[in-house]
1. Taking Ser187 as meeting all but one of (1) polar (S, T, N, Q); (2) within 30 Å of Ile52 (Cα to Cα); (3) without any contact (Cβ under 8 Å) to a residue 12 or more places away in the chain, write down the number of the exception.
2. Specify which of the listed residues (Leu181, Leu171) is of a type outside the set (Gly, Ala, Ser), more than 19 Å from the chain's Cα centre (by Cα) and closer than 30 Å to Ala121 by Cβ.
3. Of the conditions (1) of a type in the set (A, V, I, L, M); (2) in contact with a Lys or Arg (Cβ under 7 Å, 6 or more places away or on another chain); (3) under 21 Å from Ala141 (Cβ atoms), Leu68 clears all except one; give me its number.
4. Quick check on the stretch 25-55: of everything there that is surrounded by 12 or more Cβ atoms within 10 Å (Cβ to Cβ) and more than 17 Å from the chain's Cα centre (by Cα), which residue is farthest from Asp88 (Cα to Cα)?
5. Give me the residue from the stretch 160-175 that is touching a residue at least 24 places away in the same chain (Cβ under 8 Å) and acidic (Asp, Glu) and, out of that set, surrounded by the fewest Cβ atoms within 10 Å (Cβ to Cβ).
6. Report those helices (runs of 4 or more DSSP H) wholly inside the stretch 112-215 carrying at least 1 residues which are more than 29 Å from Glu43 (Cβ to Cβ) and at pLDDT below 90.
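The values are calculated or read from the model by the stated rules, or taken from the named source; none is laboratory data. All values derive from a computational prediction rather than experimental measurement. Counting neighbours? That spans all protein chains shown, and the Cβs are built from the backbone with ideal geometry, glycine included.
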Amino acid sequence: MVDFEQKNTYNFADLLKIMEILRKHCPWDREQTHDSIKSNFIEETYEVIDAIEERSCEHLKEELGDVLLQVVFHTEMAKEEGKFVMDDVTTGICEKLIRRHPHIFSDVKADSSDEVLDNWAKIKKQEKAQKSQSDVMVGIAKSLPSPMYAYKIQKEAAKVGFDFETDEDALSKLREEVDELSEALKSGDADAIADEGGDVMFACINLLRRHKVDPELSLMGSNKKFISRYLYIEKQAKIRYNMNIDKLSLDQMDELWNESKNEA
């Protein structure tokens, strides 16, 4: 048993100490590497989004703690490797915030959110020695979910005027891509279907971007809506027909699906 004072309230220093103890004494924690737990970071981040969507302060508090654990876990491993410690992490982000808010910590003027974001982008570009917009695109994290990645590269292209002039132009491009997907489906060529399907999604994201709609959150909403309507069909199959959903005809499913829209 490790000697550690258990108490009612813990602070950040306690969290660092607990992680240090776990890395020394817990077989599972000791075996982990940056690569072995990297997917956990993504999962915990999305669980924070779920908590925000639920408007649950308790859930949000818990999930933020799980994200913080990932930060501490990776930092403890880096400390063991002699690479950096937590003070380096906090110093780095504090310095970045000060640099990128010159309207607060220096004499730069910025009276609107747009001006703040413009300054932030310019400073970030200087920090990363990005000389062109293509440098900015190449610098976008490639491990982002594809809809988010597409949104970001389209946004950067639009900054130099490479964008549709109107929504109708963007919508026309989407229709064009759908037609090309239709042709690929007729051909049965799996590679062509994958290629044209990707173009359809890219064009759709571009249309959403023009209205500052986050495609990741948009699709997340559609996923939740689908699950809600599916659960309605499953429930009504039992109540109305005394059947499992897989025994319903497609017409019956469609009827219940349309009803579920009205219920929502």
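1. (2)
2. Answer to the selection: Leu171.
3. All conditions are met except number (2).
4. Cys26
5. So, considering only residues that are touching a residue at least 24 places away in the same chain (Cβ under 8 Å) and acidic (Asp, Glu), the one surrounded by the fewest Cβ atoms within 10 Å (Cβ to Cβ) is Asp167.
6. Details: elements: 113-127, 133-138, 146-158, 167-187, 190-209.
Passing ranges, in order: 113-127, 133-138.
Results for (1) at positive phi; (2) hydrophobic (A, V, I, L, M, F, W, C); (3) assigned to a helix (DSSP H, G or I), shown as yes or no for each residue.
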{"residue": "Asn8", "(1), (2), (3)": "no, no, no"}
{"residue": "Leu22", "(1), (2), (3)": "no, yes, yes"}
{"residue": "Glu47", "(1), (2), (3)": "no, no, yes"}
{"residue": "Gly65", "(1), (2), (3)": "no, no, yes"}
